[in-house]
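Below: the structure, in C-alpha cells.
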Amino acid sequence: MRGRFITFEGGEGTGKSTHAAMLGVRLRAFGIRVQLTREPGGSPGAEIMRYILLSGAARPLGGDAEAVLFAAARDDHLTTLIRPALERGTWVVCDRFADSTRIYQGVAGNVDSMAIRAMERIIVGDTKPDLTFILDVPAKEGMRRADQRRGESGADRFEGEALAFHERLRDGFLTLAANEPNRCMLIDATSPKEKVSEQIWRLVLKKLEPATAPIQFEEETV
C-alpha cells in the first residue's frame, strides 16, 4: 500500500519544521513508518543545491535560474528519497515542496507561472501531496520569529528580503489555500504551538485516516 505524502508550506517563521516533526511523532504512535524530509534538500544532491540556493550564490543569475535549480534539487529528492519511501508504504512528511516554488519564485519572484507549472509537470508528475498544511502568520511576525530562531547567524537568501517580499509570499499562500481547498488546509499559526498541533492532527485523522494504515515498526528520519 502506497504511503501518504504530507507537506507543510508557508512563509518564514511560521513553524513548518516544528509541526512537521510533531506530526511525525504522532503518526509513529499509530505504528506508521515516517520519513521526515525538507526542501530544498532532503537527499545528498539536493542538499548541495540547498547550500547554493540559500547562501545566495545563485541570486545573481536571476529568478529563472533559481527556479531551475529548485527543480533540479526536487528531481533528485523525489527520485532518491520521496518516491522510494512512498512505494515502501512509508508516510513522507516534507517541510516545503513544489508549492514553495510557485509562491517564492512565481508570485514573489515574478518568474513566469507557466514555466514553473511546466517544470512541475515534468519533475513532480503524479507525485503530488495528499495533504498540504499552509501555516499562516503575518509577515512581520514571521520575520520576528525567524530572527529569533537564527540568533547570531546571518539571514539566508530569502530571510534577507524586504518585508514587502514576505507580504507577497503571504498573499500568495493565502490565494493558494483558497484555490485548492481540498488539498490545502490553512492553519492560523499565531495560536499556541500545542493548539496548532492539535488542529493539524485532527485534520490528518479526518482526511487521511492513519488508524487504517498498515502497522509498521521500522522508523525512518533524516
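Enter the angle in degrees (range 0 to 90, nearest 10) between the Cα long axis of helix 16-28 and the first principal axis of the Cα atoms of the chain, meaning the one along which they spread out most.
Value to nearest ten degrees: 10.
Tell me, what ³J(HN,Hα) does each residue in segment 2-14 have, in order and in whole Hz, if you take phi through Karplus 6.51 cos²θ - 1.76 cosθ + 1.60 with θ = phi - 60° and put x for Gly and Pro?
Coupling constants for segment 2-14: 4, x, 9, 10, 10, 10, 10, 10, x, x, 5, x, 8 Hz.
Using amide H atoms built in the peptide plane, which far-off residues or other-chain residues are under 5 Å from ILE134 H to H?
So ILE134 has HN proximity to GLU9, MET185, LEU186, ILE187.
If you only keep lysine pairs separated by 8 or more in sequence, or across chains, how many in the chain come under 22 Å at the Cα atoms?
14
Under 8 Å for C-alpha pairs, at least 6 residues apart: give me the relative contact order for the chain, rounded to a whole percent.
Numbers: 359 pairs, mean separation 77.8, N = 222.
The normalised contact order for the chain reaches 35 percent.
Neighbour counts of other C-beta atoms within 10 Å: give me SER43, SER153, SER197 arranged from fewest to most. Show your work: numbers first, answer last.
Values: SER43 22, SER153 9, SER197 19.
Lowest count first: SER153, SER197, SER43.
How compact is segment 5-212 by the rule of thumb for globular proteins, expressed as Cα Rg over 2.2 N^0.38 Å? Numbers along the way, then the final one.
Numbers: Rg = 16.3 Å, N = 208, 2.2 N^0.38 = 16.7 Å.
Against the empirical 2.2 N^0.38 Å value, I get 0.97 for segment 5-212.
Whole-Hz Karplus ³J(HN,Hα) for segment 158-169, in order, using 6.51 cos²θ - 1.76 cosθ + 1.60 and θ = phi - 60°, x for Gly and Pro?
Each residue's phi maps through the Karplus curve to give 9, 4, x, 6, 5, 4, 4, 4, 6, 5, 5, 4 Hz.
Round to the nearest 10 and give me the degree value, 0 to 90, for the angle of helix 63-77's Cα axis relative to the longest principal axis of the chain.
Between the helix axis and the principal axis of the chain, the angle is about 20 degrees.
Values in this text are rule-based calculations from the coordinates and carry no lab data. Remember, it's a predicted structure, so these values are computed and weren't measured experimentally. Backbone-built Cβ (ideal geometry, glycine too); neighbour counts: all protein chains shown.
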